[in-house]
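J.: A single structure is presented below for examination.
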Amino acid sequence: MYDIIILGAGVIGCAVARELSKYNAKILVLEKNEDVCSGTSKANSGIVHSGYDAHNGTLKARFNIEGNRMMGDVCNELDVPFDRIGSLTVCTDEKNISDLEALKERGEKNGVEGLTILSREDLLKVEPHIGDEVVAALYAPTAGVICPFKLTIAFAENAAVNGTEFRFDTEVKKVYCDNGIWHVVTDDEEYTAAVVVNAAGVYADVFHNMVSEKKLRITPRRGDYILLDRAVGGFVNHTIFQLPTKLGKGVLVTPTVHGNTIVGPTAVDMDDKECTATSAGGIDSVIEKSALSVKNLPIRQVITSFAGLRAHEDGGDFILGEPDDAPGFFDCAGIESPGLTASPAIGVYIADLIQKKYSLSEKADFIAQRKDILNPSTLSLEERNELIKREPAYGTIICRCESVTEGEILDAIRRPVGARSLDGVKRRTRAGMGRCQAGFCSPKVMEILRRELDIDLTQVTKSGGKSTIVNARTKDGDSNE
Amino acid sequence: MNKVDIVIVGGGPAGLAAAVAAYDDGAKSILILERDEQLGGILNQCIHNGFGLHTFKEELTGPEYADRFIRQVSERKIPFLLNTMVMEISPDRVVTAMNREDGMFQIKAKAVILAMGCRERPRGALNIPGYRPAGIFSAGTAQRLVNIEGYMPGKEVVILGSGDIGLIMARRMTLEGAKVKLVAELMPYSGGLKRNIVQCLDDFDIPLRLSHTVVDIEGKEHITAVTIAEVGADCKPIKGTEERYTCDTLLLSCGLIPENELSTAAGVALSPVTGGPVVNESLETNIEGVFACGNVLHVHDLVDFVSEEAAKAGVTASRFARGERSADSGREIAVKTEGGVRYTVPVTVRPDHVEENLTIRFRVGDVYKDSYVSVYFDDTRVRHQKKRILAPGEMEQVVILKKQLDEIPDLKTITVKIEP
């Protein structure tokens, strides 16, 4: 029997787990995929929003502002890359400047600090590639960019270090309450707990509706993105949003915290909660729409495209806390944008609700700090050579595009909640995330995974499940040994 | 800091040939830096034959061809470091490299030869819509898995792109028992060598579908099927022409990109057409003392020409390192392209530095039948050679004699063009 079971190891599930791990409680996180950060948390804009967009008085507004304010400290504590570069929301029609002013007012009511409206002249000084039709922009200095993988992974690692259990490849089939005890049924086991936290992303409605009569409906809203090589880093210096118009919400163009440029997303409502396939129309539309914000986007430098699913609930707001008819079941549902920004605040909020209701005591030996995988390029030449002398694996480059060493990959696999697949290694170290998209490093990373996990090469996967990479020896493969 | 006359970045066919030629020209202080665990570069995974017909007048496999040069390097006792990644090259030719044994170290070189080769264009750069499952490989990655690691990616294969590695892998996968269903090529012509189409596709009844591309990829975890469609003249898919093929493997052979991240960081200017450095007749880049050869300069289809080009870079680098410079009157001729010629290497020629002759290598942008390769000295046509076929997949060259250049002291422009 657990005290708390958390459904889903995305950024929200992991943030809640991390906050709850401050208390004396037996916590289990169940995840249907093979790793943390495998759903919506891995496929989004990587933006820390300032908070002007959400309507006054909504949970989105409140937790956006709170999350934004917390993000600096959280990222310091957990060693997550975060850069408060500021955002610009551009307006391309003089007639719409009043809308820009309305946004500013809404933001100020939400509590966003430092909002100003910049003229085209001012914009050109900071963003030389701004589109020809842009007339003005709302500048939000508190917005930033973050690594969504690292934030989720850091929450999870820290939760694990503080005693939280994680179980992957475990799909929850049924949740029910019997005599005040929650039962969570998976393919091969039935777990029990006093509390269930529903952080199941696009599936949060499914679990909520199993336990409550007040039904939710989450529509997976797909967004296509394109990602450009770091070689075009500095193309834009801020996150550039478009002022929503009658024609739609527009797309953003932003540097990522790692120096790539990302453009997207589209917004298409889907029936299938697994449909992360990009579409030709989506990619074309992202490129076309970006031209309003910036000119001469170097499309030839696109290194990949991907799609993510927003968990859009019919009510349009976050749903946080216990439904009236399901005490002990805590929803974190409808977490779409600004969910990533809000995650630290949601984690604290949900943990507080549970702590107060169940009078959890604080752990005396809670470890708040987490160190990320060492990035040798941040070291001086002398320090680096000392490291290589101590651990020669840091002298071997595995991913040449992103200069990732074997030492970093070993660390990614060996640390708590470690990587078990190529994508797991990629999200933790960036190996395979560069311009050749793992063409050169994947055979090498496969070999390291094989060795470290003590499995056969045919069992090494891209992202768990059926995603094996090779399926058999060649005819004379055995003699190649 | 260690000092070396010539540092060669890359121990593949280009680096090896450059090293041997530099040594034979008299350079004795040479260091080859190779990132892989053995010399030979990509040739080590090219276990098919067809290498060396020009250089050795016999058909060798890739490893055999590499071995010929590796032997020459070891006979000359030219030093090399394996498993060593070059991290940075500075404009004043300080090379920073790293390996397990020596850590990170710097070498001051009199001359640097760039011989890093190229990489394959990945799926993401092709903007193919659909899922991003396992089972999608660039052809060279699959080649490494099959030929070096000894593992098969799958049993039912579709190949997008008819580059040479894709064609070679169509045959290789077939020989290993896989069913290669088709090769789809976006363009109305193949990007590979004619001989590879005959020997790797036709001989195995593998269909080549020109003007076709992949428009959808199915399978969330592992690829299960692709949809291909015919494309129009604008390379956009034509509705109603879609055909679905089940498969567990999709190989991509959609072009090679010279790997010039190190060069760019050193300040080397690149050609937007080739993606390789802009060089003069000595294969020297805009950064003095930095030379380039092989696939990092422009993508070749035959290794024999890589060796030939690299030998040239080896000699010119050796002379530069010795401080030997021919008297230079400052004359410089621009090499221009017209009518279907996409690029030339080199793009500038200083006649004072041309020895007996000058080889200009180039590629065309379309298929030309019964056309002429013409060379103009300013407005005068000096060469008009009939070619039965010219194709984008086959590199061409013209050779100009030094004395032709010397005959016209005020020559400004050499133009290479295709004429009907």
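J.: Quantify, in whole percent, the carbon and sulfur part of the accessible surface of chain A (1.4 Å probe; protein heavy atoms only).
T.: On chain A, the fraction of accessible area on carbon and sulfur atoms equals 48 percent.
J.: Tell me, what HN-Hα J-couplings in whole Hz come from the Karplus equation 6.51 cos²θ - 1.76 cosθ + 1.60 at θ = phi - 60° for each residue of region B:168-179, using x for Gly and Pro?
T.: Couplings: 4, 6, 4, 5, 4, 5, 5, 4, 8, x, 7, 9 Hz.
J.: Pop out a list of residues from region A:453-471 that are at least 40 Å² less accessible with all the protein chains around than in their chain alone; 1.4 Å probe, no ligands or nucleic acids counted.
T.: Residues of region A:453-471 that lose at least 40 Å² of accessible area once the other chains are added: A:457, A:462, A:466, A:469, A:470, A:471.
J.: What's the whole-number percent of alpha carbon pairs in the protein assembly as shown lying beyond 47 angstrom?
T.: 30 percent
J.: Let me ask something additional. Place a +1 charge on the Cβ of each Lys and Arg in chain B and a -1 charge on the Cβ of each Asp and Glu, then give the dipole magnitude about the Cα centre in debye, rounded to the nearest 20.
T.: Value, rounded to 20: 120 debye.
J.: For a protection proxy built on the mean count of beta-carbon atoms within 10 angstrom, sort A:168-174, B:111-117, B:229-235, A:436-442 highest first, please.
T.: B:111-117, A:436-442, A:168-174, B:229-235
J.: In chain A, which whole DSSP H runs stretch at least 24 Å along their own axis (Cα) and average -1.0 or higher on the Kyte-Doolittle scale?
T.: A:59-78, A:339-358
J.: Within 10 Å of each Cβ in peptide B:146-155, how many partner chain Cβ atoms are there on average? Round it to a whole number, please.
T.: Mean shielding count: 6.
J.: Also, I was wondering about something else. Please state the relative contact order of region B:122-254 as a whole percent: Cα pairs under 8 Å, 6+ residues apart?
T.: Worked out over region B:122-254, it gives 33 percent.
J.: Under the rule a/c < 1.5 gives rounded, and otherwise a/b versus b/c splits prolate from oblate, where does chain B land using the Cα gyration tensor?
T.: oblate
J.: Under a Cβ-Cβ cut-off of 14 Å, what is the net charge of the residues other than residue A:53 that fall near it, where Lys and Arg count +1 and Asp and Glu count -1?
T.: Charge balance near residue A:53 sits at +2.
J.: Quick check: from the Cα gyration tensor, does region B:122-254 come out rounded (a/c under 1.5), prolate or oblate?
T.: oblate
J.: With everything on Cα atoms, drop me the angle between helix B:62-75 and the longest principal axis of chain B, reported from 0 to 90° to the nearest 10.
T.: For helix B:62-75, the angle is close to 20 degrees.
J.: While we're on this one: Over all residues in A:430-443, what is the mean tally of Cβ atoms on other chains that come within 10 Å of each residue's Cβ?
T.: 5
J.: Could you sort the residues of region B:108-131 by number and keep only those whose accessible area is reduced by 40 Å² or more in the all-protein-chain setting relative to the chain alone, 1.4 Å probe?
T.: With the partner chains in place, region B:108-131 has these residues losing at least 40 Å²: B:119, B:122, B:124, B:127, B:129, B:130, B:131.
J.: Would you list which lysines come within 28 Å of residue B:155, measuring only between C-alpha atoms, while excluding same-chain residues fewer than 8 positions from it?
T.: A:426, A:444, A:462, A:466, A:475, B:179, B:181, B:194, B:220
J.: Output the relative contact order of chain B, whole-number percent, from Cα pairs under 8 angstrom with separation of 6+ residues.
T.: Averaging sequence separation for qualifying contacts and normalising by length gives 16 percent for chain B.
J.: Short version: ³J(HN,Hα) in whole Hz for each residue of region B:280-297, in order, from phi by Karplus 6.51 cos²θ - 1.76 cosθ + 1.60 (θ = phi - 60°), x for Gly and Pro, what are they?
T.: 9, 4, 8, 6, 8, 7, 5, 8, 4, x, 10, 10, 9, 7, x, 6, 6, 8
J.: Follow-up. State to the nearest 20 debye the size of the charge dipole of region B:328-420 about its Cα centre, where the only charges are +1 on K and R beta carbons and -1 on D and E beta carbons.
T.: In total the dipole reaches around 400 debye.
J.: Also, quick follow-up: Quick check: from the Cα gyration tensor, does chain A come out rounded (a/c under 1.5), prolate or oblate?
T.: Oblate, since a/c reaches 1.5 and b/c is not below a/b.
J.: List every residue whose amide H lies under 5 Å from the amide H of residue B:151, counting only residues 5 or more places away in sequence or on a different chain, with H placed 1.01 Å from N in the peptide plane.
T.: When sequence neighbours closer than 5 places are left aside, the close amide H contacts are A:474, B:146.
J.: I'd like the carbon and sulfur percentage of the solvent accessible area for region B:240-340, probe radius 1.4 Å, heavy atoms only, ligands and nucleic acids excluded.
T.: Ligands and nucleic acids excluded, carbon and sulfur reach 54 percent.
J.: Loop-only check: which GluC sites (Glu not before Pro) in region A:56-146 are DSSP coil with at most 16 other Cβ within 10 angstrom?
T.: Counting only loop positions with at most 16 other Cβ atoms within 10 Å, the GluC sites (Glu not before Pro) in region A:56-146 are A:113, A:133.
J.: Take the alpha carbon atoms of region B:343-376, find their center, do the same for region B:88-123, and report the distance between the two centers in whole angstrom.
T.: 30 Å
J.: In Å², rounded to the nearest 100, what is the total accessible surface buried by chains B and A against each other with a 1.4 Å probe?
T.: 4300 Å²
J.: Right, here's the next one. Name the residues of region B:253-283 whose accessible area, probed at 1.4 Å, falls by at least 20 Å² once all protein chains are in place instead of their chain on its own?
T.: B:259, B:261, B:272
J.: Once phi is turned into ³J(HN,Hα) by the Karplus curve 6.51 cos²θ - 1.76 cosθ + 1.60 with θ = phi - 60°, what whole-Hz value does each residue of region B:18-32 show in order, with x for glycine and proline?
T.: Once θ is set to phi - 60°, the couplings for region B:18-32 become 5, 5, 5, 5, 5, 4, 5, 7, x, 6, 10, 9, 10, 9, 9 Hz.
J.: Please work out the average accessible area per residue across chain B, using the 1.4 Å probe convention, and give it in Å².
T.: For chain B, the per-residue accessible area is 40 Å².
J.: Counting only residues 5 or more places away or on other chains, whose amide H sits under 5 Å from the amide H of residue B:193 once H atoms are built in the peptide plane?
T.: B:164
J.: For region A:376-480, report the accessible area per residue in Å² (1.4 Å probe, heavy atoms, rounded to an integer).
T.: 40 Å²
J.: Let me confirm one metric for peptide A:394-403, namely the mean number of other chain beta-carbon atoms within 10 Å of its residues' beta-carbons.
T.: Counting Cβ atoms of other protein chains within 10 Å of each residue's Cβ and averaging gives 5.
J.: Would you pull out the residues with amide H under 5 Å of residue A:461's amide H, same chain only if 5 or more places away, H placed 1.01 Å from N?
T.: Answer set, sorted by chain and number: A:422.
The values are calculated or read from the model by the stated rules, or taken from the named source; none is laboratory data. All values derive from a computational prediction rather than experimental measurement. Cβ atoms come from the backbone with ideal geometry, glycine included; neighbour counts cover every protein chain shown. With ligands, DNA and RNA removed, areas are computed over all heavy atoms of the protein, side chains included. Shrake-Rupley method; radii C 1.70, N 1.55, O 1.52, S 1.80 Å.
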